[in-house]
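**Student:** One structure follows; several queries about it will come next.
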Amino acid sequence: ARWEYLAAQLYQLTGKDNEAIQLFERSIRHTTDPLMEIYARLNIVTLSNGKKDNTLQENLAGLLKMARRDKYEAYRDIIYYAAAKLELQQQHEAGAERLLLSSIKFSHDNPGQKQRSFLLLGDLNYDRKAYAAAYRYYDSVDASLLRQDEQERITARKPALQIITANEMTIHREDSLQKLALLPLAERNAAAKKALRQLRKEKGLKDADADSPSGGDNLLTAPSLSDLFNNSSADFYFLNTLLKARGAGEFKNRWGNRPNMDNWRRQSALDRSFPSETQLTRQKVQPENKSLTETPLTLEALLANIPLTSAQQDLSTTATIKALLGNAITFQQQLEDYPSAIGMYETFLKRFPESAEVEKALFNLSICYQKTDAFAKADSVRNILNTLYRNGQYTAQLRKAQPGNQAEAASRQYETIYRLFIEGQFDAARNAKLAADKQFGKSYWTPQLLYIESVWYIKQRQDSLAIDRLQEIISLFGKSAMAVRAATMIDVLKRRTEIESYLTNLNIQRKEDVVTRGIDLNAPVTAATTVKKQDTLTVTAAPKEIQAQAPPTDKKGAVISNEVYTFTPTDTHYVMIIMDKVDPVFVSESRNAFTRFNRERYTSQQINSTNIALNKELNLLLIGPFANAGTAVSYIEAARPLAKTQIVPWLPLDKYSFTIISPANLSILQNNKDMAGFRTFMQKILPD
């Protein structure tokens, strides 16, 4: 089995996935090592990659079958964890959560596995925006047993989740109390009695007198002798787990947590000096608001919390407003979860349109819209601010940015970092980004900067960090054009080994580079003609969506030329995108972006693209060639407006420009490297 497993790994490394899968399956049949079987199944799922629709389900069933067998009892925590990861690949989040809880249940002697299960539970609930559950699971993790990047993730998220959890409890409690306040007296009392019975049941207390206003004295009544000794079970009281638990609960309810010491009735002196563990826990989760569970378990105490007077209602509304805005600001500034922040701000504005905090909420909402590329909504919110709060503090900030404004300073600094990334100065950019993060926090990210940083990680072959940055784009800027590109990049990275192996083994016989040779200009090419040379790229016909326009010529319609370059409108022409100080990594990514654009926009045509390095600073992206100059110009008019928002949104506008060039002029330009002279020549022909 071990030989088969090793051979399967070798096949996997050389890109022979089918042979690898077969050997992993043989290893599963022969092995007696449960760990080998678990990881063999996980490798099979990874290699299958959708080739077999039932592969995931088959291996999941195999893992669960292993978990039920007694001989694998010691490995159930690992088995359930692996099964949960397979469930997540099928987007079965509820099933994955159940399996992770089972993994924790069986992680008695494997603390490292328990922490990984808690961490995955926290990540799972965080991704589906169940923040209270995510905080509980993160709080259960012993971070010292995790990797450095995992520790940093918990450290970054946990404080914000604690605030969000406390605020969610406040919102839920105040909303429930206000609904009770609107009920008729009889219904309100009935609801309070029902809640009292439930609370007493959770405490393990009797509810015989729950209907009395005071709740009765049974809260402090000790178990009777018949309960202790004449129970239906034959067990002695101290051997009966149920009775012991109930007795301990009633003792703690009456006397609190008392140490095992003499004169224990003097515990009140200790209580004044040291808060109880329960109090510390409540203070940690709810720093400002008292929970209903702190209220004495009597009907009068519960009814006293219901806001019936106008003063109580004002306090309840204020607490809700504070919690809503607190969560919105936490989402925006600490977690950079702008969609969730937008939801909170919109909920606040809908529920409390007359609040004094509306101006601040509108201001922050406009920023969140801007961050998610919802520019029309951001402008709409700013118009509302200018209309309703013409002389307001936040409106003034929108009208005139202050020189010392932190957001403006941060934007300038991150713009500099962005340009360093684009120009290929990766180490300098990364160091500058770390310094900026320490100064400004993480509230000034843009999807473009995250995308550029992910490309840097890809170049360093740190694919896990790259995927993490790309997933941030999807979660924070899901409606932007960058989110689609991030999803595509993640898919490619997951298949990186397979793709690289295929390209490595691909045998391509190439002749001379097309761009170094001219195209025969003796036979003019029309928009419906396809011209081929034996050793050059195909000259494609004009895409149907592009209508050839007559390019400018001299007054007689003849060829325009100077001492170096010649412009013949009927010659084939490339669209040339000139990139100034752009790293080759991003030049290649730009080529991929235009290839995708051409494939989606001009489905019936094959439009080629080629990269050329003219010198150390200038790179050329050639698209085409097109049938004539007019067709090439029409392509530019279609592509240039979309370049900033859809095709290459990560590339600053001043880093690239469009023009057209014939193969003959391209050959001259490659020899003399005089881009300024060619620009001057084309500017006279195409001034726009």
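**Student:** Would you be able to say whether some residue in the stretch 635-648 is aliphatic (A, V, I, L, M) and farther than 27 Å from Met482 by Cβ? Talk me through it step by step, then tell me what you get.
**Tutor:** To start, the set of residues in the stretch 635-648 that are aliphatic (A, V, I, L, M) comprises 636, 638-639, 642-643, 647-648.
Checking which are farther than 27 Å from Met482 by Cβ leaves us with none.
No, the stretch 635-648 contains no residue that is aliphatic (A, V, I, L, M) and farther than 27 Å from Met482 by Cβ.
**Student:** OK, next. Mind listing whichever residues of the stretch 571-595 are assigned to a loop (DSSP other than H, G, I, E, B) and open to solvent by 10 Å² or more (accessible area, probe 1.4 Å)? Working first, answer last.
**Tutor:** Going residue by residue through the stretch 571-595, those that are assigned to a loop (DSSP other than H, G, I, E, B) are 571-572, 581-583.
Within the stretch 571-595, Asp571, Lys581, Asp583 meet the criteria.
**Student:** Applying the selection to the stretch 83-101, what residues are assigned to a helix (DSSP H, G or I), without any contact (Cβ under 8 Å) to a residue 40 or more places away in the chain and not basic (Lys, Arg)? Give the steps one after another, and end with the answer.
**Tutor:** Step one: of the stretch 83-101, the residues assigned to a helix (DSSP H, G or I) are 83-89, 93-101.
Within this subset, residues satisfying the condition of being without any contact (Cβ under 8 Å) to a residue 40 or more places away in the chain are 83-84, 87-88, 93-101.
Once the filter is applied, which keeps residues that are assigned to a helix (DSSP H, G or I), without any contact (Cβ under 8 Å) to a residue 40 or more places away in the chain and not basic (Lys, Arg), the stretch 83-101 yields Ala83, Ala84, Glu87, Leu88, Glu93, Ala94, Gly95, Ala96, Glu97, Leu99, Leu100, Leu101.
**Student:** Select the helices (runs of 4 or more DSSP H) contained entirely in the stretch 1-82, then report the ones holding at least 1 residues which are over 35 Å from the mean Cα position of the chain (by Cα). Outline the logic, then answer.
**Tutor:** Details: elements: 2-13, 17-30, 34-48, 55-68.
The qualifying helices (runs of 4 or more DSSP H) are 2-13, 17-30, 55-68.
**Student:** If you don't mind, another one. Based on this model, can you work out whether Glu472 counts as over 22 Å from Thr155 (Cα atoms), open to solvent by 20 Å² or more (accessible area, probe 1.4 Å), part of a helix (DSSP H, G or I) and modelled with pLDDT under 80? Spell out how you get there, then give the answer.
**Tutor:** Numbers: over 22 Å from Thr155 (Cα atoms): no; open to solvent by 20 Å² or more (accessible area, probe 1.4 Å): yes; part of a helix (DSSP H, G or I): yes; modelled with pLDDT under 80: yes.
Criteria not met by Glu472.
**Student:** Moving to a separate point now. Would you check which residues across the stretch 650-688 are assigned to a helix (DSSP H, G or I), under 30 Å from Trp456 (Cα atoms) and modelled with pLDDT of 85 or more and list them?
**Tutor:** Kept after step one, since they are assigned to a helix (DSSP H, G or I), are these residues of the stretch 650-688: 653-655, 663-672, 675-685.
From the residues that got through so far, the ones that are under 30 Å from Trp456 (Cα atoms) too are 653-655, 670, 675.
If the condition is that a residue be assigned to a helix (DSSP H, G or I), under 30 Å from Trp456 (Cα atoms) and modelled with pLDDT of 85 or more, then Gln670, Met675 are the ones that fit.
**Student:** Just give me the residues in the stretch 341-362 being within 24 Å of the chain's Cα centre (by Cα) and surrounded by fewer than 21 Cβ atoms within 10 Å (Cβ to Cβ), in sequence order.
**Tutor:** Gly343, Glu346, Thr347, listed by residue number.
**Student:** Of all residues in the stretch 150-165, how many are open to solvent by less than 10 Å² (accessible area, probe 1.4 Å) and of a type outside the set (Val, Ile, Thr)?
**Tutor:** 2
**Student:** A follow-up question, please. Hey, Leu620 hits all of (1) under 26 Å from Val559 (Cβ atoms); (2) assigned to a helix (DSSP H, G or I); (3) aliphatic (A, V, I, L, M) but one; which does it fall short on?
**Tutor:** With (1) under 26 Å from Val559 (Cβ atoms); (2) assigned to a helix (DSSP H, G or I); (3) aliphatic (A, V, I, L, M) applied to Leu620, the lone miss is (2).
**Student:** While we're here: Considering only residues of the stretch 597-617 that are in a helix (DSSP H, G or I) and touching a residue at least 12 places away in the same chain (Cβ under 8 Å), which is surrounded by the fewest Cβ atoms within 10 Å (Cβ to Cβ)?
**Tutor:** Result: Arg601.
The values are calculated or read from the model by the stated rules, or taken from the named source; none is laboratory data. In this text the structure is predicted, and so the values were computed from the model without any measurement. Cβ: placed from backbone, ideal geometry, glycine included. Neighbour counts: every protein chain shown. Accessible surface areas use protein heavy atoms only, side chains included; no ligands, DNA or RNA. Shrake-Rupley method; radii C 1.70, N 1.55, O 1.52, S 1.80 Å.
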